[in-house]
1. Looking at the stretch 126-166 only, could you name the residues that are within 16 Å of the ligand (Cβ to nearest atom) and touching a His at 6+ places or on another chain (Cβ under 7 Å)?
2. For the stretch 86-156, which fully contained strands (runs of 3 or more DSSP E) count at least 2 residues that are of a type in the set (D, E) and modelled with pLDDT of 95 or more?
3. Given the options L38, L33, L77, L56, name the one that is touching a residue at least 60 places away in the same chain (Cβ under 8 Å) and either at negative phi or part of a strand (DSSP E or B) (or both).
4. Would you call I177 among the β-branched types (V, I, T) and at pLDDT 95 or above?
5. Across the stretch 103-125, what is the total count of residues that are within 14 Å of the ligand (Cβ to nearest atom) and surrounded by fewer than 19 Cβ atoms within 10 Å (Cβ to Cβ)?
Amino acid sequence: MLIIDHWLATAQRVASPNSDPRPDPSDISLIVLHCISLPPGEFGSDSINQLFTNSLNATEHPYFAKISHLKVSAHVLIRRDGTIVQYVPFHRRAWHAGISSFRGRPRCNDFSIGIELEGTEHMNFEEIQYLRLNNLLEGLLEAYPGLSQERIAAHSDVAPGRKRDPGPHFDWARLRIHWPR
Ligand SMILES: [Zn+2]
């Protein structure tokens with residue numbers, strides 16, 4: 001998957017204001033995998049784009065009222081149909097992991113790329129999502145030498161007790177195919 005100036009060449013772009021410069025722009029050394037659906041368990045609407053661009057309508061759904069004030073983003077979303085949306089260029093810090101640490105190092109947002117899969121913690125992900133995710137990971141591992149297979153974590157790994165995504169239905173074994181290194 002081609003990356004030009006820290007953007008995926010073929011993804012949809014929905015620029016999120018919820019990002020800022022990384023403390024060290026050259027340190028991109030972790031990938032954090034998440035899942036999200038809005039409202040929970042419903043797929044395909046524009047709500048995730050709206051959440052990440054601070055335009056979610058709090059009156060549209062009771063759940064939206066709880067989260068519409070949040071200032072959050074991820075770098076990339078992979079939808080159920082395989083469509084990829086990018087919100088933040090990879091050299092900037094997206095606001096996805098919250099209070100977190102990886103192997104003792106806090107503030108994962110500083111040095112990580114956040115990837116959201118459209119889905120829930122209670123349901124299998126789609127075949128096409130694994131396909132796209134593997135292509136995306138190949139591209140990222142080529143583009144950013146600080147990344148490696150060993151530096152891919154679940155949100156639940158970096159924020160244990162606080163987060164559970166992407167959850168038990170995410171099949172880690174499927175990430176080991178076609179990797180460049
Ligand atoms: Zn998450």
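1. Step one: filter the stretch 126-166 for residues within 16 Å of the ligand (Cβ to nearest atom), giving 129, 133, 152-166.
Residues satisfying the conditions are H155, K163, D165, P166.
2. Working: elements: 92-94, 112-118, 152-154.
Counting at least 2 such residues, we get 112-118.
3. Details: L38 fails: touching a residue at least 60 places away in the same chain (Cβ under 8 Å); L77 fails: touching a residue at least 60 places away in the same chain (Cβ under 8 Å); L56 fails: touching a residue at least 60 places away in the same chain (Cβ under 8 Å).
Going through L38, L33, L77, L56 in turn, the sole match is L33.
4. Values: among the β-branched types (V, I, T): yes; at pLDDT 95 or above: no.
No, not satisfied.
5. The total comes to 1.
The values are calculated or read from the model by the stated rules, or taken from the named source; none is laboratory data. What you are looking at is a predicted structure, and each value in this text was computed from that prediction instead of being measured. Methodologically, a virtual Cβ is constructed for each residue, glycine included, from the backbone with ideal geometry; neighbour enumeration extends over all protein chains shown.
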